[in-house]
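S.K.: Got a structure for you, questions after.
Every number in this text was worked out from the coordinates using simple rules, so none of it is lab data. These numbers come from a predicted model, not from an experiment. Here the Cβ is made from the backbone with ideal geometry for all residues, glycine too, and neighbour counts use every protein chain on show.
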Amino acid sequence: MRKGWVGILAVVLALAVGPAWAAKEIKLGHVAPPFHGQHQGLLKLAEVVKQETGGAWEVKVFPLGQLGGERSMAEQVQMGTLQMAAITTAVLSNFVPQAAALDLPFLWPDRKTAYAVLDDPEFQKEFFRFFEPKGFVAIGFAENEFRHLTNSKRTVRKPEDLKGLKLRLMEAPIFLDTFKLLGVTPVPMPFPEVYNALQQGVIDGQDNPLLTSVLMKFTEVNKHVTLLNHTLTETVIVVNADFWNSLPKNVQEALRKGARECTRTNREVNAKLHQKLPKLGISVDEY
């Protein structure tokens, strides 16, 4: 009888102690594909958090819009139904108007200039402070590269060539207004829907970094590419403010360190992928 009670007690203790050792999970969503530098950077963030917290906390990364489009995920983070996301400044400008400053057309002449500003601690401090009143804590940058145009209709070498094209653009006023002025019919839609829309002729083209357009096979449908470099698409890693304030300081520091490593890894992977891009057999035009 005594052995029976000992066995029951052992089971009860195992059930009681077990969950205490389970890692606490943080969900992080974004829309880039798994092989993109942004996803690899965010996986590095997750790795750093796990290491820095001794496995007590884990960040689970969901790529390719598994948790929704960018606007949807931004709303989820704002409401607290999703803890973290990496969202482009263009989409975040719907919630934090100051974020649109980074999407001004032709703001950056090159990456070196952009990185000198974006990596500056004082700039980050001033820029990120606009996010918290809106329910976000911004902890770092990821990146989607300079943006270019693709379309299935014609060569684009001058502003007049854009007139009448139906282009998918991000849901951000600065993007929509800029291209409207150039005679484009803007068609905002979530990123995961773009390929089917191109294939079915719902839209004529889209703007994205060349690397993204190739990896997502947009260039299989759109044979005309215009190297426009009109904006460097930055992505902000945001955390729900209430969730962030509930975290222990060591976890906050681990997330910040992970975000810094994400930025570095993201850029390194993108650079390597650019070097490996195959010959595409498409028409590439300088604007």
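S.K.: Mind listing the Cα extents of the chain along all three principal axes, in Å, largest one first?
M.R.: Ordered largest first, the chain gives principal extents of 89, 40, 34 Å.
S.K.: What distance in nm lies between label points placed 7 Å from Cα along the C-beta direction at THR185 and LYS223?
M.R.: Roughly 2.3 nm, to one decimal.
S.K.: Over the range 135-287, what is the relative contact order in percent, taking alpha-carbon pairs closer than 8 angstrom and at least six residues apart? Intermediate values should be presented prior to the final figure.
M.R.: Details: 247 pairs, mean separation 62.2, N = 153.
Worked out over the range 135-287, it gives 41 percent.
S.K.: Hey, can you rank 111-118, 34-41, 189-196, 212-219 by average C-beta count inside 10 Å, highest first?
M.R.: The peptides rank, most packed first, as 34-41, 212-219, 189-196, 111-118.
S.K.: Still on this model: Would you mind working out the magnitude of the charge dipole of the chain relative to its Cα centre, with +1 at each Lys and Arg C-beta and -1 at each Asp and Glu C-beta, to the nearest 20 Debye?
M.R.: Once rounded to the nearest 20, the dipole reads 740 debye.
S.K.: Per the helix-only calculation at 222 nm, which mean residue ellipticity applies to the chain, given -39500 (n - 2.57) for every DSSP H run of n ≥ 4 and division by its residues, nearest 500 deg cm²/dmol? Walk me through the numbers on the way to the answer.
M.R.: Numbers: 12 runs with 121 residues, N = 287.
Theoretical 222 nm ellipticity from helices: -12500 deg cm²/dmol.
S.K.: When the Cα centres of the range 36-96 and the range 128-196 are compared, how far apart do they sit, in Å?
M.R.: The range 36-96 and the range 128-196 have Cα centres separated by 21 Å.
S.K.: For the chain, give the share of DSSP beta bridges that are antiparallel, in percent and rounded to the nearest 5; count only bridges with both residues there.
M.R.: Roughly 55 percent of the DSSP beta bridges within the chain come out antiparallel.
S.K.: Same structure again: Under the rule a/c < 1.5 gives rounded, and otherwise a/b versus b/c splits prolate from oblate, where does the range 49-116 land using the Cα gyration tensor? Provide the component values of the computation, followed by the final result.
M.R.: Values: a/c = 2.56, a/b = 1.45, b/c = 1.77.
The shape class here is oblate.
S.K.: Please go through the residue pairs LYS60/LYS134; LYS112/LYS272; LYS158/LYS223; LYS166/LYS223; LYS27/LYS50 and name each one whose alpha carbons sit more than 21 Å apart in this structure.
M.R.: Numbers: LYS60/LYS134 24 Å; LYS112/LYS272 17 Å; LYS158/LYS223 17 Å; LYS166/LYS223 15 Å; LYS27/LYS50 13 Å.
Flagged as over cut-off: LYS60/LYS134.
S.K.: Evaluate the Debye formula for the range 106-220 with equal point scatterers sitting on the alpha carbons, no solvent, and hand back log10 of I(q)/I(0) at q = 0.09, 0.13, 0.15 Å⁻¹, in q order, two decimals.
M.R.: -0.32, -0.64, -0.81
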